[in-house]
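Down below is the structure, laid out as structure tokens.
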Amino acid sequence: MSSRDKILAAVSQNQPVYSPVPDISFLQGDNDNTVAKFVDILTTIGGKVILAETIADVRFLLLEELKNHSRKVTTVPLLGDIMEMVNKSLHDPHTMENIDYAVIEADLAVAENGAVWVTEDKLFTRVLPFICQHLAVIVKADNVVPTMHEAYQKIGDSTYGFGTFIAGPSKTADIEQSLVLGAHGARSLTVFLLS
Amino acid sequence: MTGNKDHAALAEVFNKDEDRVDWHDETLWFIRKKRDLAVNKIDNWEELRETASQIKNNVLSNLSNYLQEFEAKASANGVIVHWAADAAEHNQIVLDLLKQQGITQMVKSKSMLTEECHLNEHLEANGIDVIDSDLGERIVQLAKEMPSHIVLPCIHKKKEEIGELFHEHLGTPAGNADPQFLTETARQHLRDVFLTRRAALTGVNFAIAETGEFVVCTNEGNADMGAHLADIHIASMGIEKIIPERKHLSVFLRLLTRSATGQPITTYSSHFSKPRKGKEMHIILVDNGRSIQLGREDFRNSLKCIRCGACMNTCPVYRRSGGHSYHYAISGPIGAILAPNLDMEKYADLPFASTLCGSCSNVCPVKIDIHDQLYKWRQVIVQKGYAPTAKKVSMQAIANVLGSSWKYHVAGKAARTVMQLAPFAVNNKFNPWYKHRDMPEVPEKSFGEWYKINRNK
């Protein structure tokens, strides 16, 4: 008997009487002031939020910021003229090691925890938002939902090879509970909220 | 590492440095308070806990189906699924996967399961170099220690000790114990590791039966840096990590970090569904005693655990005895109910390392009846004859005295006399009871004697 069959047999034999899956539809957030809440929470956890009307505004704001950075990469076509464009999956993600500043797009943001949801189809290369020194994410203010319940409703049964919630810059407090930003992922996170 | 010492003996070692105990106690209580602040901001926290508990009840009652559903979906996604009945089989699967590819170096993110299985030791004995990439885990790895806490692996270490370790192993200047500087050093050191390792192993926080994807949560980004740069990603998970549907993640991700550290969510909650083009993704489903625990009616709820560590942060015994006193990969109250399932004799002492105050059960995000299970384990352990000898002998003596009315009266009188005339005879370090508790003040008469005099008044 294979380990698989042994494990499944033991589990079947030992699992308790069937208990139904609870309904979770009653768990809902409050739709008031979601944008203000998002800004507040993301700022508290070390991120930065910049409100902008359009991508053209973001482009304008970035022009100044990007002067301070070496290799700058984006997946957003409208920024392709001011940054290096990455719009297909790179054969070797190791070549992204020296990216200083990256700008990507997200479909969704969550007010209660300051997270943005990004998927592989918009990242092209999975490691991009982790390996860059500084990360900026563009998301529409209309796509800010109150809680994780609404976030997963929106994600629904969409398919992705990889997807991730990113909430603020990479951090650790493993040394005596002292919070340090910039553990292994991006040292800073800026979210451009498009109205 | 801890030899044959039990929890009390190991706690005694930790308690030698009183200042450190106070510091450890206060640090963890600070984290418990951060948890309270975060939790109190959520209006329906109790409903959320109850829902999570019910989802987990469903998981445990339908686990064999969910495991098969998960296997089918993950396989369809191009992930290779392996099954391991025990720790040895798990470790062998990992070793074989590495050997097939001629890989001798691996980077690993936090996985308590691999601690439970002693994977690192097994791989190192077989010529594989393993580097733990979570900062806290890297620190305990350099110190050749076990993690003392499941979420905060080096919470027992002072920054000066960490500075010393980094000086010795990573060449930082002697005497530099600045957390910012040390973290930056680890970032540089580990970045090189991430870029050069062809294999990455991660743990799994949640696995979704409905979709075959699994979720890994980190603050540092180390799991992602490892997995997205490697040719082969191995994810090890206990079979109890399954949840039914993707939407249920909303419940657990809301609970996990608020309970753990008071954060609203980890920096990264990564959902792995398919391997990168041309790369391999493997999942190892590990039983290692979980199916047995599932069959223990009184203890199966321990399998609902989502490894947040809240029970440790709140535990008055854990905070004052340190994680290493539990001599098991998972310390604290939850470890004390998981460990005896694996080896009742070796871990017979752990369910006694508790005041049964119930604080652990109150903070548990999935409502595990932790303190009740500790109490029940004590009974099982004594009945099966695994109780520590001193406890066994004294309990037999007590049973003998309590079983006979004349022995009880004589013993009571003798004890009262001794404690009044010569309190030092019992209040000394040779009395193990006194070591853990203050002796009560002794009444002049027993209740029986008092009643005899007073009943006619």
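Computed values, structure above
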| quantity | calculated |
| --- | --- |
| Test: residue in segment B:296-311 that is outside any loop (DSSP other than H, G, I, E, B) and either more than 21 Å from B:Asn205 (Cα to Cα) or without any contact (Cβ under 8 Å) to a residue 40 or more places away in the chain (or both) | no |
| Qualifying residues in segment A:30-41 (those that are assigned to a helix (DSSP H, G or I) and either within 10 Å of another protein chain (Cβ to nearest Cβ) or of a type in the set (Asp, Glu) (or both)) - the one farthest from the chain's Cα centre (by Cα) | A:Asp40 |
| Residue under evaluation B:Val393, criteria (1) at pLDDT below 95; (2) hydrophobic (A, V, I, L, M, F, W, C); (3) not in a helix (DSSP H, G or I), criterion not met | (3) |
| Single unsatisfied condition, B:Tyr326 versus (1) more than 8 Å from every other protein chain (Cβ to nearest Cβ); (2) surrounded by 24 or more Cβ atoms within 10 Å (Cβ to Cβ); (3) touching a Phe, Trp or Tyr at 6+ places or on another chain (Cβ under 7 Å) | (3) |
| Test: B:Glu47 is under 29 Å from B:Arg258 (Cα atoms) and not assigned by TED's automatic domain parsing to the domain that holds B:Thr202 | yes |
| Residues of segment A:42-58 satisfying the condition of being under 13 Å from A:Val191 (Cα atoms) and either in a helix (DSSP H, G or I) or among the small types (Gly, Ala, Ser) (or both) | A:Leu42, A:Thr43, A:Gly46, A:Gly47, A:Ala52, A:Ile55, A:Val58 |
| Those residues of segment A:57-79 which are surrounded by 14 or more Cβ atoms within 10 Å (Cβ to Cβ) and of a type outside the set (A, V, I, L, M), in sequence order | A:Asp57, A:Arg59, A:Glu65, A:His69, A:Arg71, A:Lys72, A:Thr74, A:Thr75 |
| Count - residues of segment A:170-183 that are within 17 Å of the chain's Cα centre (by Cα) and more than 7 Å from chain B (Cβ to nearest Cβ) | 1 |
| Given (1) closer than 24 Å to B:Ser75 by Cα; (2) touching a Cys at 6+ places or on another chain (Cβ under 9 Å), number of the condition B:Thr257 does not satisfy | (1) |
| Single residue of B:Val366, B:Val382 found to be in the same structural domain as B:Tyr326 (by TED's automatic domain parsing), more than 20 Å from the chain's Cα centre (by Cα) and touching a residue at least 12 places away in the same chain (Cβ under 8 Å) | B:Val382 |
| Matching residues in segment A:105-156 - criterion: being among the small types (Gly, Ala, Ser), surrounded by fewer than 24 Cβ atoms within 10 Å (Cβ to Cβ) and within 17 Å of B:Tyr268 (Cα to Cα) | A:Ala106 |
| Boolean, B:Arg320 is surrounded by 21 or more Cβ atoms within 10 Å (Cβ to Cβ) and of a type in the set (D, E, K, R) | no |
| Qualifying residue in segment B:146-155 (condition: touching a helix residue (DSSP H, G or I) at 6+ places or on another chain (Cβ under 7 Å), over 19 Å from B:His24 (Cα atoms) and either of a type outside the set (D, E, K, R) or at pLDDT below 95 (or both)) | no |
| Test: residue in segment B:28-38 that is in contact with a Gly (Cβ under 6 Å, 6 or more places away or on another chain) and within 11 Å of another protein chain (Cβ to nearest Cβ) | yes |
| Which numbered condition A:Lys72 fails, given (1) in a helix (DSSP H, G or I); (2) basic (Lys, Arg); (3) in contact (Cβ under 8 Å) with a residue 24 or more places away in the chain | (1) |
| Candidates B:Gln263, B:Gln293, filtered to the one that is surrounded by fewer than 24 Cβ atoms within 10 Å (Cβ to Cβ), facing chain A (nearest Cβ under 9 Å), in a loop (DSSP other than H, G, I, E, B) and under 20 Å from the mean Cα position of the chain (by Cα) | B:Gln263 |
| Scan of segment A:137-159 for residues that are closer than 24 Å to A:Asn33 by Cβ, more than 8 Å from chain B (Cβ to nearest Cβ) and either touching a Pro at 6+ places or on another chain (Cβ under 8 Å) or not acidic (Asp, Glu) (or both), ordered by number | A:Val137, A:Ile138, A:Val139, A:Lys140, A:Ala141, A:Asn143, A:Val144, A:Val145, A:Pro146, A:Lys154 |
| Top-ranked residue in segment B:158-186 [being surrounded by fewer than 22 Cβ atoms within 10 Å (Cβ to Cβ) and within 8 Å of chain A (Cβ to nearest Cβ); ranked as nearest to the chain's Cα centre (by Cα)] | B:Lys158 |
| In segment B:191-204, the residues that are under 23 Å from B:Gln263 (Cβ atoms) and buried (at least 24 other Cβ atoms within 10 Å of the Cβ) | B:Thr202, B:Gly203 |
| Subset of segment A:54-69 [without any contact (Cβ under 8 Å) to a residue 60 or more places away in the chain and either touching a strand residue (DSSP E or B) at 6+ places or on another chain (Cβ under 7 Å) or on the phi > 0 side of the Ramachandran plot (or both)] | A:Leu66 |
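Condition check ((1) in contact with a strand residue (DSSP E or B) (Cβ under 6 Å, 6 or more places away or on another chain); (2) surrounded by fewer than 16 Cβ atoms within 10 Å (Cβ to Cβ)) across all residues:
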residue	(1), (2)
B:Trp29	no, yes
B:Lys33	no, yes
B:Leu60	no, no
B:Gln68	no, yes
B:Ala84	yes, no
B:Met106	yes, no
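The values are calculated or read from the model by the stated rules, or taken from the named source; none is laboratory data. Just so it is clear, the model here is predicted, and its values are computed rather than measured. A quick note on method: Cβ atoms are made from the backbone with ideal geometry, for glycine too, and the neighbour counts reach across all protein chains shown.
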